[in-house]
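J.: Let me give you the structure first, and then I'll get to my questions.
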Amino acid sequence: MHSRVNDIEMERLEKVVHGGRGRWFERRSGMRILDFSASMNPFPPQVEWEIDREALGEYPDDDYEELKGAISRAFNRPAEEITVGNGSIEIIRSFCAAALNPMDEYHVEPHTFGEYAYSAGLRGAVRSPDATRAKVRFICNPNNPTGELTGRRELLGIVDRMGERGGYLFVDEAFIELSDSGQSVSDVSKRGLVVCRSLTKSFAVPGIRFGFGFADEELIQRLESLRLPWTVNAYAEAFAMKAMEHLPELKRSSMYIVEERRWLTERLREMGLVVPPSYANFILVHLPCRADLLQKRLLEQQVLVRDCTSFGLPFAIRIGVRGRAENERLIGAMMECLR
């Protein structure tokens, strides 16, 4: 019976919709697109790096000892408590494969990153509305697309309660360094706590595809055994090692983002739009019209925003914070399309 239920649920799974399709629209329209649909750091550190050409003629070290050593020094975590992968999504997939079995229950909030439910669904797990009975609870912090931030103390309380019944709290901190890094739990080593990180957003390098995570040593061993060999290529490894030296510079980035986010929020609210408080490098905007219709109109103005229909918010868009001149162009296009 359970097997048949799982087969039916698997048939319903659809790939997750993501933002950052500016180049895709450019190729099809022939226009230069200003992309607000991907929430990248508009003020990333300048990382000077180069690839050892000889490294391209060899397989990467599949234990990634040197890379994990650099992460260990940057985050003050033992290398044995670190896993790496081809983007944070690989960390999510590996974790679900290690922690979830068919018919296990997991919990995610209604409007959040779709890869948690998708990856859990691939394992045959079922979504529970009750976080207190789920084996795994996923929290995106700050949350995508709402920008809500869960405090460190609250997270530690959740992991204690999860740990008491052998569960897991999976915290995705992909945006934390562009938010309030003081709320991060990356430095906490507790059984049942898994923290996922990425360079994609903070260094504005989605093409690199590099993610990493922290957990207790036993779970890390399972994650590493499930990871496909050599998923972090030599280019990504070289960049990641150099980027670790620039992590302190992200504090400056977050300060600039706070100012631009405040400016954008004020301008949007002056237009009569509902904009909830955000603690991330993006803003959720509730609309008086369908998001897909506004997205289409904005594309005619060569501006791309994130239609949040796939998040269950068909009357909302997500806007990545960019520099002032680009933000001014967005506001002008929004005024033109909404009048």
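J.: Can you tell me the length gained on complete extension of the stretch residue 31 to residue 17, counting 0.36 nm per residue apart and subtracting the Cα distance?
T.: 2.8 nm
J.: For 103, 255, what's the fewest-to-most ordering of other Cβ within 10 Å of each Cβ?
T.: Least crowded to most crowded, the residues run 255, 103.
J.: Taking Rh as the Kirkwood radius, which is the inverse of the mean 1/r over Cα pairs, what is the Rg/Rh value for segment 16-107?
T.: With Rh from the inverse mean 1/r over Cα pairs, Rg/Rh is 1.06.
J.: On C-alpha positions alone, give me the angle between the axis of helix 217-226 and the longest principal axis of the chain, in degrees, nearest 10.
T.: The two axes meet at around 70 degrees.
J.: Still on this structure, I have one more. If I build a Gaussian network model for the chain, linking alpha-carbon pairs within less than 10 angstrom, which residue out of 19, 157, 124 has the largest mean-square fluctuation?
T.: 157
J.: Quick check: convex hull of the Cα atoms in segment 36-155, volume per residue, rounded to a whole Å³?
T.: Normalising the Cα hull of segment 36-155 by residue number yields 180 Å³.
J.: To the nearest 20 debye, what charge dipole does segment 57-247 have about its Cα centre, counting +1 at the Cβ of each Lys and Arg and -1 at the Cβ of each Asp and Glu?
T.: It works out to roughly 540 debye.
J.: Follow-up question, since we're still on this one. Of 135, 68, 251, which has the largest mean-square fluctuation in a 10 Å C-alpha GNM of the chain?
T.: 251
J.: Given contacts defined as C-alpha pairs under 8 Å and at least six residues apart, what's the relative contact order of segment 57-247, whole-number percent?
T.: Relative contact order comes out at 27 percent.
J.: Got the relative contact order for segment 86-198 handy, in percent, Cα pairs under 8 Å and 6 or more residues apart?
T.: Relative CO of segment 86-198 lands at 25 percent.
J.: Using bins 20 angstrom wide from zero, how does P(r) for the chain break down, in % of all Cα pairs?
T.: Per 20 Å bin, starting at 0, the Cα pair percentages come out as 30, 58, 12.
J.: Relative contact order of the chain: what whole-number percent is it, with Cα pairs under 8 angstrom and at least 6 residues apart?
T.: About 24 percent, as a whole number.
J.: Please give the Cα centre distance for segment 60-95 versus segment 171-249, rounded to the nearest Å.
T.: Comparing the Cα centres of segment 60-95 and segment 171-249, I get a distance of 7 Å.
J.: So what is the calculated 222 nm ellipticity per residue for the chain, using -39500 (n - 2.57) for each DSSP H run with n of 4 or more, over all residues, to the nearest 500 deg cm²/dmol?
T.: -11500 deg cm²/dmol
J.: Moving on to the next point. In degrees, nearest 10, range 0 to 90: what is the angle between the Cα axis of helix 65-75 and the longest Cα principal axis of the chain?
T.: Its long axis makes an angle of about 60 degrees.
J.: Which residue, 202, 72, 119, has the most motion in a Gaussian network model of the chain that connects Cα atoms within less than 10 Å?
T.: 72
J.: Right, here's the next one. Rounded to whole Å, give me the distance from the Cα center of segment 116-156 to that of segment 284-337.
T.: Between the Cα centre of segment 116-156 and that of segment 284-337, the gap is 26 Å.
J.: Here is a further query. Under the Kirkwood approximation applied to all pairs of distinct alpha-carbon atoms, what is the hydrodynamic radius of segment 200-277 in Å?
T.: Hydrodynamic radius (Kirkwood, Cα only) of segment 200-277 equals 16.0 Å.
J.: Run the dipole for the chain about the Cα centre, Lys and Arg Cβ at +1, Asp and Glu Cβ at -1, nothing else charged, and hand back the magnitude in debye, nearest 20.
T.: 1380
J.: Can you give the log10 of the normalised intensity I(q)/I(0) at q = 0.14, 0.16 Å⁻¹, computed with Debye over equal Cα scatterers of segment 177-332?
T.: So the normalised log intensities work out to -0.89, -1.05.
J.: Quick one: Debye curve from the alpha-carbon atoms of segment 57-247 only, equal weights, vacuum; give me log10 I(q)/I(0) at q = 0.11, 0.13, 0.14, 0.17 Å⁻¹ to two decimals.
T.: Those come out to -0.44, -0.63, -0.73, -1.11, one per q.
J.: What is the extension gain from residue 286 to residue 251, computed as 0.36 nm multiplied by their sequence separation minus the C-alpha to C-alpha distance, in nm to one decimal?
T.: 9.7 nm
Laboratory data are not the source of any read-out in this text; all were calculated from the coordinates shown. Keep in mind that what you see is a predicted model, and the values were worked out from it rather than measured. For neighbour counting, all protein chains shown are included, and Cβ atoms are generated from backbone atoms with ideal geometry for every residue, glycine included.
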